[in-house]
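Structure first, then comments.
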Amino acid sequence: MGFEHAIFLFIAGVLGGALNAVAGGGSFIAFPALLFTGVPAIPANATNTVALWTGVTASGGAFRDRLDVPRRVMVPLLVASFIGGLAGAFLLLKTPAHTFMKVLPWLMLGATLLFIFGKRLAGNRSSSVAHDASTAAITGATLFELLVARTWPCWRRSA
């Protein structure tokens with residue numbers, strides 16, 4: 001890797017980290033920068049995730065006093081996120097690079113659309129899932145997340 005690529009990645013990393021700390025979406029800068037410099041897609045995804053994780057953790061800690069979520073909601077979501085993260089990391093390592101490259105544009109498109117239209121999809125509702133959701137709804141959402149993570153290998157084989 002040349003000096004120019006190192007400087008480019010440094011700038012992309014700083015911009016991506018800053019964007020993640022403020023609004024999220026830093027991967028829209030850092031991940032394509034890694035691909036542009038020739039890093040293969042799967043190592044680029046893993047590098048991007050590890051590199052930007054620290055910013056997400058720091059900003060989460062900074063805003064923890066604004067997080068008003070009951071334990072009955074937080075614990076299942078944290079457990080599902082942890083299991084889903086482990087399953088996703090395992091599947092990423094087992095997915096052939098050519099399959100990942102076929103799915104990647106669709107994943108980026110979906111993430112972009114959610115990033116752009118997220119506020120509109122929520123409408124005028126406040127983030128009240130913590131207070132309005134029933135235990136059955138939380139359990140159903142958690143199981144749905146785990147089901148999607150569990151059935152991904154079946155989708156991958158058909159691609």
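None of the figures in this text is laboratory data; all of them are computed from the coordinates on show. Bear in mind the structure is a predicted one, so any value in this text is a computation, not a measurement. All Cβ positions, glycine included, derive from the backbone under ideal geometry; neighbour counts span all protein chains shown.
What the table below lists for this structure:
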| item | result |
| --- | --- |
| Evaluated at q = 0.14, 0.19, 0.29 Å⁻¹: base-10 log I(q)/I(0), Debye formula over Cα of segment 1-67 | -0.41, -0.68, -1.23 |
| Estimated inter-spin distance, residue 57 and residue 109, nm [label 7 Å along Cα→Cβ] | 3.5 nm |
| Ranked packing of 33-42, 103-112, most packed first, by mean Cβ within 10 Å | 33-42, 103-112 |
| Two-site FRET efficiency, residue 18 against residue 47, from Cβ-Cβ distance with R₀ of 22 Å, rounded to 0.05 | 0.80 |
